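Take a look at the structure set out below.
Each reported figure results from applying straightforward, stated rules to the coordinates on display, with no laboratory input. Note that the structure is a prediction, hence the values are computed from the model and not measured. Every residue, glycine as well, gets a Cβ built from its backbone with ideal geometry; the counts of neighbours run over all protein chains shown.
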Amino acid sequence: MREVSLLKKRILSGGEISFEEALELYKVESESLFAAAHEIRHVFCGKRADLCAILNAKSGGCEENCAYCAQSKHFFTGIQEYPLIDAKTALSRAKEYEKAGVHRFSLVTSGRSLGEKDFENILSLYHLLRKETTLSLCASLGTLSYEHLRALRQVGVSRYHHNLETGPAYFSSICSTHTFDDRVRTIEASLLAGLEVCSGGIFGLGERREDRLEMAFVLRSLRVTSVPLNILVPIKGTPLEHQPPLPEEEVYRTMAIYRFILPHASLRFAGGKERLGPGYGKAYTVGINASLVGNLLTTPGTAIHQEKHLIQKAGLEV
């Protein structure tokens, strides 16, 4: 359609689209939207797709009340809880992922932040991972100070993960123990500390289309380079356990529109792939060019060999 073609041409020429134009893209014919997003991805990101993996390095007991999360102490979900893992476990898992062809690896800890003892131990873990693997290292450790973020950078971490989760207007509907602005401040501190940032969110929390797009435009303003896109997996015991799923077409359209808004970013398909069924590889034809593989925090993920096959089938290269 003409509208899609004009917006695509503007982006390929180095321009940007507005919020209103992005919202209008929900109304256009799918095939044209998807093809344009695929072309934008190809021009700005090439064929390369990268894989990352995470390890739940400290589980449960989180004082925050994020409505989707199995690890919050406000909800009874029956997950396994444990303190910070030991060096042997962290290194073993990292080497498994490295052997399987993963490019990036992150330790993820539950809770708003880390105490000083745990943070010193995490630095030791990253020092070991840097020494014993060739993986690019990421971290997802909650709200940290500039000084702590700088210490991570100095020990070899190159990217900090801190999701916005949804748009600013809807954030208080899913969490009341901290604010959207708190999350933005952590992202800004990460950038100031010399770290790249990985930040995205979850589709299907009960948000409006406008909320999803507002998150994308905040990410654009922050110049975030890696954007994980998750689909809600309702977890028993959380306030969102009965949340109905978004239609598949809505998810794919949102992914494609994110590519229009964030043409240079690694759009990373993360959790909830199973919600789209066995044909979820379609995501790699609508603008997605990166993936989170292996097991997630409290739910199973996708097999690495399966993900590689789907990416290559879509014409990308791992």
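Points to keep in mind about this one:
- In this structure the amide hydrogen of residue 203, modeled in the peptide plane, comes within under 5 Å of the amide hydrogens of 230, 231, 232, none closer than 5 places in sequence on its chain.
- 143, 166, 134 arranged by Cβ crowding within 10 Å, fewest neighbours leading: 134, 143, 166
- Farthest towards the positive end of the charge dipole of the chain, among the residues 101, 35, 179, is the Cα of 101, using unit charges on the Cβ of Lys, Arg, Asp and Glu.
- Over the chain, Cα pairs under 8 Å with separation of 6+ residues give a relative contact order of 23 percent.
- For the chain, the longest principal axis of the alpha carbon atoms and the long axis of helix 248-261 meet at an angle near 90°.
- Ranking of 182, 211 by count of other Cβ atoms within 10 Å, fewest first: 182, 211
- Distant-in-sequence amide H partners of residue 197 (H built 1.01 Å from N, under 5 Å): 160, 225, 226
- Greater than 27 Å apart at Cα, pairs in 117/308; 27/282; 27/273: 117/308
- Footprinting exposure proxy for 148, 162 (fewest neighbouring C-beta atoms within 10 Å first): 148, 162
- Taking 28 Å as the limit for the C-alpha separation, the pairs 47/131; 47/236; 47/99 exceed it in the case of 47/131; 47/236.
- 3J(HN,Hα) along segment 177-190, derived from phi through the Karplus expression 6.51 cos²θ - 1.76 cosθ + 1.60 where θ = phi - 60°, amounts to 8, 8, 10, 4, 5, 4, 5, 4, 5, 5, 4, 4, 5, 4 Hz, with x in place of Gly and Pro.
- Nearest-20 debye value, segment 1-116 charge dipole, Cβ charges on Lys, Arg, Asp, Glu: 460
- Point-to-point label distance, residue 303-residue 236, nm (Cα→Cβ direction, 7 Å offset): 2.6
- At the listed q of 0.08, 0.11, 0.14 Å⁻¹, the Debye profile of segment 18-313, built from one uniform point per Cα, gives log10 I(q)/I(0) equal to -0.32, -0.62, -1.05.
- Between residue 169 and residue 86, the distance separating the two model label sites (each 7 Å from Cα on the Cα→Cβ line) works out to 5.2 nm.
- The distance between label points at residue 248 and residue 264 comes to 3.5 nm (points 7 Å beyond Cα on the Cα→Cβ vector).
- Each residue of segment 31-39 was assigned a 3J(HN,Hα) from its phi angle through the Karplus curve 6.51 cos²θ - 1.76 cosθ + 1.60 (θ = phi - 60°); the sequence is 4, 5, 4, 5, 5, 5, 4, 4, 5 Hz, with glycine and proline shown as x.
- On Cα atoms only, tilt of 304-313 relative to the major axis of the chain in degrees: 20
- Here the dipole of segment 18-313 is about 940 debye; that uses its Cα centre as origin and unit charges on the Cβ of Lys and Arg (positive) and Asp and Glu (negative).
- For residue 75, nonlocal amide neighbours, meaning residues 5 or more places apart or on other chains whose placed amide H falls under 5 Å from its own, do not occur.
- Toward the positive end of the charge dipole of segment 18-313, with +1 on the Cβ of Lys and Arg and -1 on the Cβ of Asp and Glu, the farthest Cα among 25, 111, 55 is that of 55.
- Helix 2-12 axis, angle to the chain major axis (alpha carbon atoms, nearest 10°): 50
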